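Data first, discussion second: the structure below is written as structure tokens.
What follows draws every value from the coordinates through simple rules; no lab data is involved. What you are looking at is a predicted structure, and each value in this text was computed from that prediction instead of being measured. We place every Cβ from the backbone using ideal geometry, glycine too, and count neighbours over all the protein chains shown.
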Amino acid sequence: MATKKVNKQTIVTPIDERETFVSVAKSVSDADGITMDEKLRTLYQIQLKDTAIDKIHLQRGELPLEVQDMEDEVEGLKTRIANTQADIADIERRKADYKHAIEEAGLLIEKYSKQQDNVKNNREYESLGKEIEYQSLEQQVCEKRIGECDRELEEKNSLIAATNDRLSIFEANLVEKKKELETIIEETAAQEEKLQAEKEELQKKIDERMLVAYNRVRGAAKNHLAVVTIEREACGGCFNQIPPQRKLDIMQGKKIIVCEYCGRILVNPEYKAEYGEAVVE
């Protein structure tokens, strides 16, 4: 009797970026030929690499933020200078318009004065006199406005001078801070690249779902530890006590055990003795 073969289909569950180790524990198995103990060991080693990289970044201290703040301040000062220069150009245009208005008023006064010499009656003479008076007032107003423009220009130019002085100081400090940051980065670049390469090799042994959960828990943890060992019968991340049965499961390393308080993966303390400890400063 012939045996009918049944094709088994592997159902792939979409990866959820919100996934935690709790949901991963339900779907990860040894079907890929890698035992759970090996996966947990690999994940712990990835944690060690990430912690070492974090320490390198800590050596830079607040320098990256200081450099960013200084760059923002420099851009802000440059924008202020550009805006002030635009204001000065506008004031200069207004001043030129007032000067032109004074000239036009002067020409009209000259014109009306000549017409007064040829009027036939007092009414025309008085009308022209009012026009001359009005143009004289226009000249006075424009001269007043020119004076105001001159004061505005003086203030704006003083502001630009003060801003330029401040900009020079910030630019000089920025150059020094950048040099300091670049020196630190250069000193640790080789070490960081080595750690990153080792981490990437380790990641090849872990399925994507576990990595997504690991990165999510690591990103949410204050000390960036997503995989911790048992420390004195407690979670090495949040230090809450672990029941004896769960401790036994952790020691066996046959399944993912997650701390019910902080959501971190709990692993055998022997890993620390074998691979080292992820110490956060």
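Note on the chain: dipole from Cβ charges, positive end direction compared against 84, 118, 135; the farthest Cα belongs to 84. Helices in the chain that qualify as membrane-span-like (whole DSSP H runs, Cα extent of at least 15 Å along the helix axis, mean Kyte-Doolittle hydropathy of -1.0 or higher) are 36-59, 63-116, 208-220.
Calculated FRET efficiency, residue 238 to residue 81, Cβ-Cβ distance, R0 = 35 Å: about 0.10 to the nearest 0.05. Distance between the modelled labels on residue 159 and residue 231, one decimal in nanometres: 5.5 nm (7 Å Cα→Cβ projection). The calculated FRET efficiency for residue 168 paired with residue 211, based on their beta-carbon distance and R0 = 41 Å, is about 0.25. Expressed in units of 2.2 N^0.38 Å, where N is the residue count, the Cα radius of gyration of segment 63-188 is 2.00. Calculated on C-alpha atoms, the gyration radius of segment 174-219 divided by its Kirkwood radius gives an Rg/Rh of 1.22. For a straight C-alpha distance cut-off of 16 angstrom, the lysines reachable from residue 272 (same-chain residues fewer than eight places away being disregarded) are 39, 49, 247.
Put in order of Cβ neighbour count within 10 Å, fewest first, the listed residues 175, 228, 258, 212 become 175, 212, 258, 228.
Modelled spin-label separation between residue 223 and residue 249, with each label point placed 7 Å from Cα along the Cα-to-Cβ direction: 2.3 nm.
Work out the count of Lys pairs in segment 63-188 where the Cα-Cα distance is under 18 Å, with the pair 8 or more places apart or on different chains.
Final tally of qualifying lysine pairs is 8.
Dividing the helix sum by the residues of the chain, where each DSSP H run of 4 or more adds -39500 (n - 2.57), gives a mean residue ellipticity at 222 nm of -25000 deg cm²/dmol.
In terms of overall dimensions, the C-alpha atoms belonging to the chain reach 135, 58, 36 Å along their principal axes, ordered largest to smallest.
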